[in-house]
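Structure provided below as structure tokens; questions to follow.
The values are calculated or read from the model by the stated rules, or taken from the named source; none is laboratory data. Just so you know, these numbers come straight off a predicted model, no measurement behind them. For accessibility, only protein heavy atoms count, side chains too; no ligands or nucleic acids. Shrake-Rupley method; radii C 1.70, N 1.55, O 1.52, S 1.80 Å.
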Amino acid sequence: MTKATKILIIQFLCFALIFLGARFLIVHFALLTGLWIPVVSGIAAIVLAPQFKVFKVDGVDTVFIAWLFSKKGKPVNWL
């Protein structure tokens, strides 16, 4: 499995966890109903989910992570 495939799976899992958490919180604490619950949950997950990118640095695939709370992308060494 390539690093790009692993990153895709990890990024999806992060999005899904944030989406489900946001959906749970919205259902229990907000006054939204119907289609608005998944729409707002999806927007929150898109904004809050970390973004992973694979770049070639010195001929080696290097994974960087960036998200809302960081100014610059940081290399990930655990993949």
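Which whole-number value in Å² is the accessible area per residue of region 19-79, probe 1.4 Å?
On a per-residue basis, region 19-79 sits at 77 Å².
Assuming a ≥ b ≥ c are the square roots of the Cα gyration tensor eigenvalues, decide whether the chain counts as rounded (a/c under 1.5), prolate (otherwise, with a/b larger than b/c) or oblate.
Cα axes put the chain in the prolate bin.
Of the heavy-atom accessible surface of region 1-52 (probe 1.4 angstrom), what whole percent is carbon and sulfur?
Looking at region 1-52 in its full context, I get 81 percent from C and S.
Check which residues have an amide H placed less than 5 Å from Thr62's amide H, if you skip close sequence neighbours.
Phe55, Lys56, Val57
Read phi for every residue in region 33-41 and hand back ³J(HN,Hα) as whole Hz from Karplus 6.51 cos²θ - 1.76 cosθ + 1.60, θ = phi - 60°, with x for Gly and Pro.
9, x, 5, 5, 4, x, 5, 5, 4
Where both residues lie in the chain, what percent of DSSP beta bridges are antiparallel, nearest 5?
100 percent
Using θ = phi - 60° and the Karplus relation 6.51 cos²θ - 1.76 cosθ + 1.60, list the HN-Hα couplings for region 64-69 in order, rounded to whole Hz, with x at every Gly or Pro.
Coupling constants for region 64-69: 10, 10, 9, 8, 4, 9 Hz.
Oh, and also: Residue by residue through region 50-55, which ³J(HN,Hα) values in whole Hz follow from phi under the Karplus form 6.51 cos²θ - 1.76 cosθ + 1.60 (θ = phi - 60°), with glycine and proline marked x?
x, 10, 10, 9, 10, 10
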